[in-house]
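Contents: one structure, followed by commentary.
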Amino acid sequence: MSNIRVQNLTKRFGDLTAVSGVDLEIKAGEVLCLLGPSGCGKTTTLRMIAGLEQVSDGDVYIADEKMNGKTPSQRDVAMVFQFYALYPTLTVAENMAFPLRAEKKSEAEINSRVQEVARALALTEVMERLPDQLGEGEKQRVAVARAVVRDPNCFLFDEPLSRLDVTLRQTMRGEIKEILNGLSKATVIVTHDQLEALTMADRIAVMRDGYIEQVATPHDIFTRPANLFVAGFIGTPSMNLLEATLTKFQDGKASIDLDSQKILIDVDKAVEGIDAGSQVTLGIRPRAFQVVDAAGEDTISATVDLIEPMGAETLLHMMDGETEMRVVVGREMKVHTGETLHLQCKPSQALIFDGNGQLVLT
Ligand code: ATP
């Protein structure tokens, strides 16, 4: 099976621990995105899996074989980097054939494999061109083709799309995902672009300061972020995280004191386990609000401070006393600065984080 498993993966550079006790398992056919801010240890994790960096502690298994101390070629991994480094004097066809020639495959086998992958990646029209004669998207596809053509144990991508413009990125995300889906290999993609992770990954591992904060499907990462870091990191505009005091929990609803007002709100029934009077954080995504006509016990009232048109939607920066909130409304809604709006949270959209910043969930 072409799977990847790392246990207690740790990397120290002198005094700095860049990666701390990371455990991950990526199944054959699965795409895992390592996502996190700059410097959190994503690339170092990938390089240890590839064999480009020795581990300080822990084990790397690929296809169920322990790979510690083995070279990248012994691990039989295919890597695609941000800088795709195509051979400038070789045509697309020759670039693609290169790794197969290095493996001393027969010319017939090389030709058939190269043609097959070229068809899958829509490169047949440009096979005789040099890299200089290609657009950025085509270059990226050739880099992927060169990795795919070898039929390696697994694929490792490091920020593969970061050099492409926004439109091309969007297309390539879909294309790469489709190709990977057909290959039954374990794939790890390093990215700091959450949209890339949310659209390409079967599961996302969110990293911070060398640690894994959460590993889950894109849906769960978005709807059930394990802690305040993941909640604030995933989603644009970012989730409103409002400091609050829990005053009561009854019948699935929590009474919560915010800065200057109270709200009665539907929350997960695990909140029942929190003592009344505890400090919590109420998390509500900017798109989880609806504006209603009148204030009620289930609304938050806030004043429009700044209006930011975003095309189909409008982002409102709002103030409730000293507390800032972001609310996304439809473009058609007419609002003006200084106006007070009454905001109701859509059902099952409010999250409660405990005093340690952990999501409270059954
Ligand atoms: P980015 O998205 O900016 O590439 P990253 O999440 O991939 O960040 P890493 O490149 O893995 O992060 O780096 C993690 C930490 O390890 C950083 O503090 C970095 O400065 C440090 N680091 C990485 N490689 C080395 C090295 N060879 N020697 C010393 N420190 C290093």
Most fluctuating of Ser112, Ser238, Ser56 in the GNM of the chain (C-alpha, under 10 Å) is Ser112
Report the Cα centroid-to-centroid distance between the stretch 151-206 and the stretch 244-294 in angstrom, as an integer. 37
Anchor Lys27: lysines whose Cα lies under 17 Å away (excluding residues fewer than 8 positions away in-chain): Lys66, Lys177, Lys185
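Within the chain, which is the longest segment that contains none of the GluC sites (Glu not before Pro) sitting in a DSSP loop with at most 14 other Cβ atoms within 10 Å? Walk me through the numbers before you get to the answer.
Working: sites that count: Glu103, Glu128, Glu297, Glu322, Glu332, Glu339.
Segment 129-296 is the longest.
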Under a GNM of the chain (C-alpha, springs under 10 Å), which listed residue has the highest mean-square fluctuation: Ala254, Ala226, Ala294? Ala294
If one compares the long axis through the Cα atoms of helix 166-181 with the longest principal axis of the Cα atoms of the chain, the angle in degrees, nearest 10, works out at 70
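Mean residue ellipticity at 222 nm from the helices of the chain, using -39,500 (n - 2.57) per DSSP H segment of n ≥ 4 over the full residue count, to the nearest 500 deg cm²/dmol?
-7000 deg cm²/dmol
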Can you tell me which of Asp151, Asp266, Asp64 moves the most in a GNM of the chain? Springs connect C-alpha atoms under 10 Å apart. Asp64
At q = 0.08 1/Å the base-10 log of I(q)/I(0) from the Debye formula over the alpha-carbon atoms of the chain is -0.52
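Can you give the local net charge around Ile26? Use residues other than it whose beta-carbon is closer than 10 angstrom to its beta-carbon, Lys and Arg +1, Asp and Glu -1. All intermediate terms of the calculation are to be shown ahead of the outcome.
Numbers: positive: Arg5, Lys27, Lys185, Arg203; negative: Glu25, Glu30, Asp202.
So the environment of Ile26 carries a net charge of +1.
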For Lys248, counting only lysines whose alpha-carbon sits under 21 Å away and dropping same-chain residues fewer than eight positions off, the answer is Lys262, Lys269, Lys346
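Read-outs throughout are calculated quantities, based only on the coordinates presented, and are distinct from any laboratory measurement. Note that this is a predicted model, so its numbers are computed, not measured. Quick reminder, even Gly has a Cβ in these numbers, built from the backbone with ideal geometry, and neighbours come from all protein chains shown.
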